[in-house]
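Visitor: One structure coming up, written as structure tokens, with questions to follow.
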Amino acid sequence: MISLFQRHLVFLLCLGLSVAGSLGAYYDYLSFGWMLPFAVLTLLGIYDIVQSKHAVLKNYPITGHIRFLLEAIRPELRQYFWEADHEEVPYSRSARSMVYRRARGINADKSFGTLDNLYDEAHEFISHSIEPVKVDPKSLRITIGGPACTQPYSASLLNISAMSFGALSANAIRALGRGAKAGNFALDTGEGGMSRYHQENGNDTIFEIGTGYFGCRKNDGTFDPEKFAAQAKKPNVKMTLLKLSQGAKPSKGGMLPGAKVSKEIAEARGVPQGQDCISPSKHSAFSGPDGLINFLQQMRELSGGKPVGFKLCVGHLVEVAALVKAMLHTGITPDFIVVDGSEGGTGAAPEEFSDHMGMPLRDGLVVVHNLLRGAGLRDKVKIIASGKIISGFDIVRVLSLGADGINIARGFMFALGCIGSQTCHLGTCPVGITTQDPIRQKALNVKNKGEMVFNFHKNTLISVADILGAAGMASTEELSPARMMRRVSDTRIMNYTSLYHFLLEGELLSGRGTNAEYRTLWDLAKHDSFH
């Protein structure tokens, strides 16, 4: 880990040379002109350290300006030294720039036309209307809560996806919460427990638990109903979520080394300080589809009737079908399901898992939507999509495929000032977001970054409203696969209805459908076993 001394080395060097030059000039060994450049750099370094707008400059005084200098000259030099605007690593420069501008409240419009080749295969667009309508961004909300829910939640269409305290710094969590409070949207705690920073601003919170049951576990690591109820019944907790798998590393456990389990992290997770913190690869609180669905009902009851859901990255399709069959068998339905695509991000994952494990979001979303619809349960369960969504068009695209709401993680990290250094797992985040280093994270100004989180959310929903209005739709409920178009060749464009197969309501129960793949899948699934 780079020390504070190393990060400030150039500043200290300039300071030393300025002092030495001043003494030399005073004793007539040197001229004052010799020390002037170092004096200017020293003053610049002092300004960098005391300012609170740019975390990079605060953590890297003087040298941090190199990044902004390269960014400024990059448009002229990128074809020689850097990736193009739309080259994804994993987010394109164009996408990052859009988020930064929206987060700062700066006009994100672009001039001189699109950089996309609109005749490339796989180019997508939404069909617009000759009679556009006006859509109020504030109306983009959904009500989550099925028949058994006694405390339904009026949620924003867009919320902050799961990011745990420990993976993110305290200041990052506080800034996200501050923005969520101001914008009336929710922050998912991630599976690392609900820390005091999640509750500091009184923002709406989604309490998530995973295989480690952090924040609601017994000493042996098993689920503790009483501790869960104490957390879930807190006024700012609006929903609870059971994580089965996440997109970037589905069905993989993990371990936080004891050296990283600080007093605050231990308090949030309910584990001993300084000891290895294990996340098993599977749950111990239930087994089988029926057991999982009944456990969700227990979570709902323990929370006082608040909405409950589960999150998964789609893997074996028969397992998803088994869950839907278990809903029919038990008569219990979750209030929502979060479908996490394999393109989702994480602080750290094996490259093989990130690249080759799990189903991408749009494909997984269609599967879950179809199975619920085919079983006649779609109107009881909301679907929330998560996985590399960042723009208004990204949101409209997945809504057209069946999603009701959206979760975003990395977009909000960009709003916090993330520069995509991809050092999340090293604890050396240059902007203080994914680190527990108290000095590094101190550079993240909570008030300033909270405003940027609020702005990104607000301006993204404005973009969604503008797209819907231009397409002649007054609400997201009017979206359909037929309105989303994709080029499949130089001379042919098809809509999503032609590209994806969508089941009829109740088709799997009535046998009316003709899709052999889903029929075979449904016949193979068992409500009492995943095998």
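The values are calculated or read from the model by the stated rules, or taken from the named source; none is laboratory data. The structure presented is a predicted model; accordingly, all values stated were derived computationally and were not measured. Please note: Cβ atoms are built from the backbone with ideal geometry, for glycine as well, and neighbour counts cover all protein chains shown.
Residue-by-condition table, conditions (1) in a loop (DSSP other than H, G, I, E, B); (2) touching a Lys or Arg at 6+ places or on another chain (Cβ under 7 Å); (3) in contact (Cβ under 8 Å) with a residue 12 or more places away in the chain; (4) of a type in the set (A, V, I, L, M):
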position	(1), (2), (3), (4)
339	no, no, yes, yes
363	no, no, yes, no
368	no, no, yes, yes
384	no, no, yes, yes
397	no, no, yes, no
420	yes, yes, yes, no
425	no, no, yes, no
431	yes, no, yes, yes
434	yes, no, yes, no
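Visitor: I'm trying to understand the selection: among the residues of segment 437-457, which are crowded, with 20+ Cβ neighbours inside 10 Å, modelled with pLDDT of 85 or more and not β-branched (Val, Ile, Thr)?
Guide: 444, 445, 449, 450, 452, 454, 455, 456, 457
Visitor: Among 341, 347, 420, which is in the same structural domain as residue 185 (by TED's automatic domain parsing) and at pLDDT 90 or above? Before you say what the answer is, go through the steps one by one.
Guide: On the way: 347 fails: at pLDDT 90 or above; 420 fails: at pLDDT 90 or above.
Sole residue among the options that is in the same structural domain as residue 185 (by TED's automatic domain parsing) and at pLDDT 90 or above: 341.
Visitor: Inside segment 498-512, can you point out the residues that are surrounded by fewer than 17 Cβ atoms within 10 Å (Cβ to Cβ), in a loop (DSSP other than H, G, I, E, B) and at negative phi?
Guide: Once the filter is applied, which keeps residues that are surrounded by fewer than 17 Cβ atoms within 10 Å (Cβ to Cβ), in a loop (DSSP other than H, G, I, E, B) and at negative phi, segment 498-512 yields 501, 504, 505, 512.
Visitor: Would you check if residue 143 is out of contact with any Leu (no Cβ under 7 Å at 6 or more places or on another chain) and surrounded by fewer than 17 Cβ atoms within 10 Å (Cβ to Cβ)?
Guide: yes
Visitor: Which condition does residue 216 not pass, out of (1) touching a Lys or Arg at 6+ places or on another chain (Cβ under 9 Å); (2) within 26 Å of residue 426 (Cβ to Cβ), if it passes all the others?
Guide: (2)
Visitor: Against the definition (over 29 Å from the mean Cα position of the chain (by Cα), hydroxyl-bearing (Ser, Thr, Tyr), more than 19 Å from residue 101 (Cα to Cα) and surrounded by 17 or more Cβ atoms within 10 Å (Cβ to Cβ)), how does residue 518 come out, yes or no?
Guide: Details: over 29 Å from the mean Cα position of the chain (by Cα): yes; hydroxyl-bearing (Ser, Thr, Tyr): yes; more than 19 Å from residue 101 (Cα to Cα): yes; surrounded by 17 or more Cβ atoms within 10 Å (Cβ to Cβ): yes.
Here the answer is yes, as residue 518 does meet what is asked.
Visitor: Would you mind finding the one in 328, 317, 377, 365 that is in the same structural domain as residue 434 (by TED's automatic domain parsing) and crowded, with 24+ Cβ neighbours inside 10 Å?
Guide: 365
Visitor: Is there any pair linking a residue in segment 115-134 that is at negative phi to one that is basic (Lys, Arg) and surrounded by 13 or more Cβ atoms within 10 Å (Cβ to Cβ), with Cβ under 6 Å and at least six apart or on different chains, and which?
Guide: Qualifying pairs under 6 Å: 121/487; 123/487; 124/486; 126/483; 127/483.
Yes or no, residue by residue, for (1) surrounded by 15 or more Cβ atoms within 10 Å (Cβ to Cβ); (2) modelled with pLDDT of 95 or more; (3) within 30 Å of residue 321 (Cα to Cα); (4) in contact with a strand residue (DSSP E or B) (Cβ under 9 Å, 6 or more places away or on another chain):
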residue: 224; (1), (2), (3), (4): yes, yes, yes, yes
residue: 230; (1), (2), (3), (4): no, yes, no, no
residue: 257; (1), (2), (3), (4): no, no, no, yes
residue: 306; (1), (2), (3), (4): yes, yes, yes, yes
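Visitor: Follow-up. Could you grab me the full set of residues in segment 259-284 that are without any contact (Cβ under 8 Å) to a residue 12 or more places away in the chain and surrounded by 14 or more Cβ atoms within 10 Å (Cβ to Cβ)?
Guide: The answer is 266, and nothing else.
Visitor: If you don't mind, there's one more thing I want to ask. Please indicate, with yes or no, whether at least one residue in segment 119-134 is at pLDDT below 85 and part of a loop (DSSP other than H, G, I, E, B).
Guide: no
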